[in-house]
Amino acid sequence: MAYPTYPNTYTTTIPVGDKTVEIEIGRYSEQVSAAVMAKCGETIVHTTVALGRDVNLGYFPLSVDFAEKLYAAGTIKGSRWVKRDGRPSDDSILSARVIDRSLRPLFPDYMTREVQIISTVFSYDDENDPDMLALLSAAIGVSISDIPFDGPMAGLRIGYSKDTQQFVCNPTKTEQETSDLDLIVSGSGEAIVMVEAGANEIPEDVMLEGLVQAQSQLGTMCDHIKEIVTEVGKEKLDLTPTVDEEKQASEEALTAQIGKEYASELKEVILKRGKLEPTGEAELIETIVADLNEGKEPEAQVSDKVVSSIVYALTKKIGRQMIITDKERPDGRATDEVRQIWCEVDVFPRTHGSAMFKRGATQALTIVTLGEPSLGQHLESIEGEEVKHYMHHYNMPPYASGEAGRFGYPKRREIGHGALAERALLPMIPSQEDFPYAIHVVTEIMSSNGSTSQASVCGSTLALMAAGVPIKRPVAGIAMGLMSDGTEYVILSDIQGLEDHIGDMDFKVAGTSEGITAIQMDIKLKGIPRDVLERALIQAKEGRMHIMSKMLECLDSPRAELSEYAPKIEQLTIPADRIGELIGPGGKMIKSIIEQTGADINVDEDEEQKLGIVNVSSPDQAKIDAAVEYISNMMRVVEEGEEFDGAVTRVEDYGAFVEFLPGKEGLVHVSAMSTEFLKSAHDKVKLGDEVHVRVSEIKEDGKIGLSMLSAEEHEQARSQARTNRGGRPAFRGGRGGGRNGGGDRDRGRGRGGERHQRR
């Protein structure tokens, strides 16, 4: 699609690997600080950057939204009553978080004015991901806007296949299907600021190479962004707050005085904070204020607020100095030491699986619930409809950090942490064919002091194994930290909350003994040398394996049996063209089976393998057995010569219809009922009689002829008939009419009823 030329419109292209992104600026939304349209293939994303009020909330009020509209893919919402696009999906929130985490570190610290970024997907071609176009267009938008920003920066996705050992930049949907890595990297050629990844047990060296290749590509992209800024970039506003030089000098002198006179007390605050002991910080501030104001006139006295701010800054500085210079962590651990770990399973009696994972003062309590496959989460997005059978949710109530606060729906942080844990465990979750259950995992954070998301990974692994979910391998996670003065780099294993707050990097790594399954990294530094990143990955693996060893001491493998309270499910497969036969007109047949057996039955179609997937569930195994036997017999393909006991369902003069398998009938002709001559079938059988029959004939149209005679008796009767008729055969051996034209109700010839799994 070629855009027409509009006044004041700027267009260019940016290569990303083997793909080209078209950029257009100036066509839409001319009243905002910047608006950028990005297009790759036929996927189009429009991003706006708007500067708002000066609200001075004490933090940078940046808001990022990612809006997927169903019309972008030519889809109308499936709800019968509501057609307007609803609240953002979790995936949309996660895409917005990626943009936020990529851009936020590059805005100046003094920013107090609102900045709002909105990316809207206007067209989706089912191949090129809109989230990467949103990330790139947002990066271009803030770079060309009049808002202060330390850019340029860019972002992209990296894929990797173990089979081909090749990396792909911004892989298409088709390419992602064969990819073992989903790596999102933001930054420039000089620095990486954000990393997000899901992986199928990728080795550390491959992950590192992916980061290196991403950074090289980001450098090229940023060169193009610099050209765009030169062409259409606005002059940056001077939003630096006015500084009272006299006041600033006074505060600097006061900071130096407090830092010198109360050095030991300030260090003691940090040491106690690291050990979660009462710090006495409030009392120290009161003492400092009293000492400083002693003998001074009221107008010359220092306020509690000023001293509190100085104490906060000094304790942060002292904490960093302890780690970087003295190699001393606030809680006394070595840099590569993991806090004490305690694990427990079967915490609650009636849940299907539960576990507690405790590391230091961080506690994650995870509960697993198993259900029928039909209870999976149905999702509707621009990619169409899908069903998730594995769901992981994360909750962190205010009491987890010892505070009082809002309690209700999850915030973006909770959605993000739950998605990270889900991503870490997903490669290890068994397929529906191997374990036909919907799996719902919920982690409740009971106490928080660093890396609750990775505690969630560990607790969830234990809970899944306790529930009897046959995960491929256990997964453990760890949060790494980094502190640097620009020369010295100190890598910290298993950071606690204080170290996360004062540090330069939060690097979460989850994986199995075979490789990495998830990564999330946020960096405050301008750049990290490759050897430091490599050391961090190696140290993370050592810590991860230590944590896993402690987990496996509690429970070393998935249990062989499910909880007695979990539903029992058995799965069968049938030919796809026989699904209609099982369901019956208006669901009549499947409703009848459910009524007769008492089991729940759900049928799905695997279009790729052309199979019907039948899930039979019930708390009562006997009901499952009855339903499985019924369906297996119904789907069974009979052969000539097989014998059955069946019930007479209809009697005519010329013969009787017998249901010899569920849903299968055949005609026993009157001549195949006895070796003696019978004038009418009514003389031999009546409705409801149980009779023993043999399959004597299967016609091409699927109709089945039955006989109540043995093969020898059958031949004897035919011979006698010829004699009686003067050699003219009169015995028809089961041929004849049937219900609605005769014979068996079954029209299919494929085999079915193969039993896959029994739980």
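Derivation of every value follows stated rules applied to the coordinates shown; laboratory data play no part. What you are looking at is a predicted structure, and each value in this text was computed from that prediction instead of being measured. Cβ placement follows ideal geometry from the backbone for every residue including glycine, while neighbour counts extend to all protein chains displayed.
Brief remarks follow.
- Contact order relative to length of the chain, as percent, for alpha carbon pairs under 8 angstrom and 6 or more apart: 9 percent
- Cα extents of the range 436-489 along the three principal axes, largest first (Å): 54, 26, 15
- 22 Å Cα cut-off, lysine pairs counted over the range 495-644 (separation 8 or more, or different chains): 9
- Rounded, prolate or oblate (a/c below 1.5 giving rounded, otherwise prolate when a/b exceeds b/c) for the range 1-93 by Cα gyration tensor: oblate
- Debye, to nearest 20: dipole size of the chain, +1 on Lys, Arg Cβ, -1 on Asp, Glu Cβ: 2320 debye
- The C-alpha atoms of the range 10-232 occupy a region whose extents along the principal axes are 52, 51, 36 Å, arranged from largest to smallest.
- Peptides 306-312, 159-165, ordered by how many other C-beta atoms sit within 10 Å of their residues on average, highest first, read 306-312, 159-165.
- Tilt relative to the chain, helix 452-466 - C-alpha long axis, 0 to 90 degrees, to 10: 20 degrees
- Charge-dipole axis of the chain as Lys and Arg at +1 and Asp and Glu at -1 on Cβ define it, positive-most pick from 63, 466, 255: 466
- Shape box of the range 341-554 [Cα atoms, principal axes, largest first, Å]: 56, 43, 38
- Using a 4.7 Å Cβ-Cβ cutoff, the cysteines of the chain lacking any partner cysteine are 40, 169, 222, 458.
- Between helix 412-425 and the chain: long-axis angle, C-alpha atoms, 0 to 90°, nearest 10: 50 degrees
- Three-way shape label, the range 568-635, alpha-carbon gyration tensor, a/c 1.5: oblate
- Within the chain, percent of DSSP bridges classed antiparallel, to nearest 5: 90 percent
- Amide hydrogen proximity for residue 706: with H placed 1.01 Å from N in the peptide plane, the residues at 5 or more positions away or on another chain lying under 5 Å are 667, 668, 669, 696.
- Mean shadow area of the chain, taken as a quarter of the surface of its Cα convex hull (nm²): 43.3 nm²
- Distant-in-sequence amide H partners of residue 151 (H built 1.01 Å from N, under 5 Å): none
- Hz values of 3J(HN,Hα) by residue in the range 520-532 - Karplus curve (6.51, -1.76, 1.60), Gly and Pro given as x: 9, 9, 10, 10, 9, 7, 6, x, 10, x, 4, 5, 5
- In degrees, nearest ten, helix 621-635 long axis to first principal axis of the chain (Cα): 60 degrees
- Rounded to whole Hz, the Karplus (6.51, -1.76, 1.60) HN-Hα couplings of the range 65-75, x for glycine and proline: 10, 10, 10, 9, 9, 4, 4, 4, 10, x, 10
- What the Cα convex hull of the range 614-670 gives, in volume per residue, is 93 Å³.
- Multiplying the residue separation of residue 535 and residue 175 by 0.36 nm and subtracting their alpha-carbon distance yields 126.5 nm.
- Each of the peptides 682-689, 335-342 was scored by the mean count of other Cβ atoms within 10 Å over its residues; in descending order, highest first, they stand as 335-342, 682-689.
- Among the GluC sites (Glu not before Pro) within the range 487-579, those in coil by DSSP and having at most 16 neighbouring Cβ atoms inside 10 Å are 488, 514, 561, 564.
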